[in-house]
Amino acid sequence: MSSPKWWQTAVFYQIYPRSFADGNGDGIGDFAGMTRKLDYLQDLGIDAIWLSPHFPSPFLDCGYDISDYTAVAPEYGTLEDFKTFLEDAHSRHIKVVLDLVLNHSSDQHDWFKASRSSRDNPKREWYVWREGRNGGPPNNWASIFGGSAWTYDEQTGQYYYHAFLKEQPDLNWRNPEVKAAMWDAVRFWLDMGVDGFRLDALATIYEHPDLPDQTSGYAAEEILDANAFHKDEYLKLLEFQVRQPGLHELMQELRSLVDEYSGDRVLIGEDEDVAFYGTGNNELHLLFNFPLVNVPKLTVQHIRANQAQRLTALPPEAWPCNTLGHHDISRLWTHFGDGSNDAALAKLHLALLLTLKGTPFIFNGDEIGMTDLELSKLSEVKDSAVLNQYYLLTEKLSITPAKALETVLATTRDRCRSPLQWENSANGGFCPADVSPWLPVNKNYATGVNVATQQEDPDSHLNFCKRLLSLRKTNEALRTGDYQALHNDSKTYLAFLRHDKQAGQSCLVMLNFSDETQRLSLDLGANSPNILMSSTNRKEESLSFETLELAPFEILIAQLYPLR
Ligand code: GLC
C-alpha cells in the first residue's frame, strides 16, 4: 500500500471522559486525570484517542446533549486543561479526535432557549418547529429513544422535533445560519490542533421537509433498544427521518473544510453505510463496520460473510474500520463471553479486532477485560434513554414495574460506562475512598480487573493486549495488508492471510472460536511459517502446515516466507 495515512495504520482508543480518570477527586473523570494517564496510553501502544463529548452539557444523554460547542464541561476542567491534554498527547505522538454532534443540541443551549422563546425569535428556524395535527403531534414519527419524536411547547403552541430525547432538539440543517455556526465550531477545534472528528448520529441530520407519516406503521413505543441507532433494521423503519437527501453534499462540504487544514485531519462517521465514503476520498474517511459487532455472538461464518460483504462494498480507495466495543453497547468481555471461557474469548475477539483489515477502535477498559456493570435499582441508572423506555413500558405498555426494571437493567448503556479500574483499592483507584463515583465502580477491580495488578502479571489481559498492539505496530502486513479468507467451509476456526506486497510481508492469522482442538492442514505452497504470536505459548519456532493443531480458542499468528 503506497504511503498510508496515519488514520489507516493507527489504533484508536475511545475515552469516555466521565469515567476514564478523575484528577481532582470529585468522582467524575476530567482532563487533569486524562493528561496524567497519557503515559499509560503511550505504553499501551495506541496511536489515537477518540474523546466522547467533553463539552458543557446537562448530561441527560451523557454529554451528547451539548449546551456549548466551543467550551469544556466545567466538571472536566477548563479550555486550558484541554489544550494541555492535547499538547501532551501530541508530544507522545498520540492524535486526538473529538466527538462532533451535529444533529441536535441540548435544550439548554442558548440557541434553543432563544428559539423556543417566541415564534418570531431570529433563532426560531434554527430548530424544527411545526403545528400539531388533530390535537396531536404533526405526524407519527418516532424518537430513536422511544416515544413520539415531537414535543409540544406550551409557550409558543407548536411542536419541536427530536430524533433522540426531548432534551435533544434537532437542529434545522436546512437553515444556512445553523451550518455557519456549526462550521465555526468545527474550525475552533481544528485551529486548536485537534486531529479530526467522530461524527455522531449523522443519519438523522436531515428529515423529510414534508413530514410524511412513516408507512412502516411502526409504533413509537416499540423502539426499546438504546442501541437502535446502530441497527440498520430500525433505521429502515424510520424512512423519512434518516439518510435524507442533502446528507452527502453536507459531508462533502465538511470534508472540504477539514481538507483545508494540514496534517490529514480525519472524519469518522457513526454510521455503517458505505455510501458515506463517497467516492472513497470526498466524504468521510472511516465508517464503522457495525454489522460485524451488532450480533449476539460472533461466529466464524458471520465474520467471514461480513468481511466478504464489507470489503467488496467499499468504494475504491476507501479504508475499513472495525470496532467490537463502544459506549453504547455491552462490554466486549461480557458481550462475547459464554460464562465459562470468558478470558479466552475476550482475547480471541481482541485478536480478531487487531488483525482484521481496517482501523481498529478499542473502548477504554476493554484492554483490562472490564465487564458490564450490574445495577440493581432504578435510582442508580443514569442513562436517560432507558429511563425514557422505563416510563414507556410502565405507563404506555402497562408492563409491571418489576419487569420493566429488568428490561432496563439488562439494556442500559450504563453497563459499559462504569469508571475505569486503575488499582486494587477502594473505588478501583478511580476516585478517593470517601467519594461516590458518578456511576458505581465494578467490584471486580478487587479480583484482578484493574490496571496496576495486570501490569505486574505477564499473562494478564492487559499484557496480552499490549503484545498484540506491538505486533501490529511492527508488522506492515497486519496494518495495511490485503485480506484473504482461507478454509471458507470451517465452522469452528477462522483462517485468513494478510498480504502486504509492497512491504514484502505476509501474515497468517488463525483463530479457533471453538472449545475443541481443531486438526487441519493448509496448502500454502513453499511457505515456511514463523510464529509471531500464539496464545498457547507454543514452543516450536515454525509450524507444519500438513498437520496443524489449534488448541481450544487458540490465537495463532505467523509470518510467511517467501511470499506466495
Ligand atoms: C450516538 C451516540 C449515543 C447518543 C446518540 C445521540 O448514537 O453514540 O451515545 O446517545 O448518538 O446523540
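Applying both filters, DSSP loop and at most 16 other Cβ atoms within 10 Å, to the GluC sites (Glu not before Pro) of region 153-195 gives 154.
Between the amide H of residue 127 and those of 172, distances stay under 5 Å, these residues lying 5 or more places away or on another chain, with hydrogens modeled in the peptide plane. Backbone geometry of region 376-390 corresponds, through the Karplus equation with coefficients 6.51, -1.76 and 1.60 at θ = phi - 60°, to 3J(HN,Hα) couplings of 10, 10, 4, 5, 8, 6, 9, 6, 5, 4, 7, 5, 4, 5, 4 Hz, x marking Gly and Pro. For residue 486, the amide hydrogen comes within under 5 Å of the amide hydrogens of 495, 496, 497, counting only partners 5 or more places away or on other chains and with H modelled in the peptide plane.
Pairs spanning more than 28 Å between alpha-carbon atoms, out of 95/236; 166/443; 179/473; 166/396; 179/382; 37/231: 95/236; 166/443; 179/473; 179/382; 37/231. A simple rule links phi to the HN-Hα coupling: the Karplus curve 6.51 cos²θ - 1.76 cosθ + 1.60 with θ = phi - 60°, which for region 484-500 gives 9, 6, 10, 6, 4, 8, 5, 9, 10, 10, 10, 9, 8, 10, 10, 10, 10 Hz, with x for Gly and Pro. The smallest convex shape that holds all Cα atoms of region 481-559, its convex hull, gives 88 Å³ per residue.
Taking the C-alpha atoms only, the angle from helix 176-192 to the longest principal axis of the chain is near 40 degrees. The residue 539 and residue 40 beta-carbon pair, evaluated with R₀ = 45 Å, returns a calculated FRET efficiency of approximately 0.90. Once both labels are positioned 7 Å from their Cα atoms along Cα-to-Cβ, the gap between residue 213 and residue 398 label points is 2.4 nm. Computed 3J(HN,Hα) for region 50-57, one whole-Hz value per residue from the Karplus formula 6.51 cos²θ - 1.76 cosθ + 1.60 where θ = phi - 60°, is 9, 9, 4, x, 10, 8, x, 6, glycine and proline marked x. Between the C-alpha center of region 400-448 and that of region 49-92 there is a gap of 22 Å.
When Lys and Arg each count +1 and Asp and Glu each count -1, what net charge do the other residues less than 14 Å away from residue 418, Cβ to Cβ, add up to? Don't jump to the answer; show the numbers that get you there.
On the way: positive: 18, 331, 382, 413, 415, 417, 443; negative: 22, 366, 372, 374, 380, 383, 414.
Summing Lys and Arg as +1 and Asp and Glu as -1 gives 0.
So between residue 131 and residue 2, what do we pick up on full extension, going 0.36 nm a residue minus the alpha carbon distance?
Working: separation 129, 0.36 × 129 = 46.44 nm, distance 5.54 nm.
Stretched fully, the residue 131-residue 2 segment lengthens by 40.9 nm.
Work out the P(r) tail for region 20-128: percent of alpha carbon pairs separated by more than 20 Å, whole number. For region 20-128, the share of Cα pairs beyond 20 Å comes to 47 percent.
Each reported figure results from applying straightforward, stated rules to the coordinates on display, with no laboratory input. Please read all numbers here as calculations on a predicted model, not as lab measurements. When we count neighbours, we look across all protein chains shown, and the Cβ atoms used for this are built from the backbone with ideal geometry, even at glycine.
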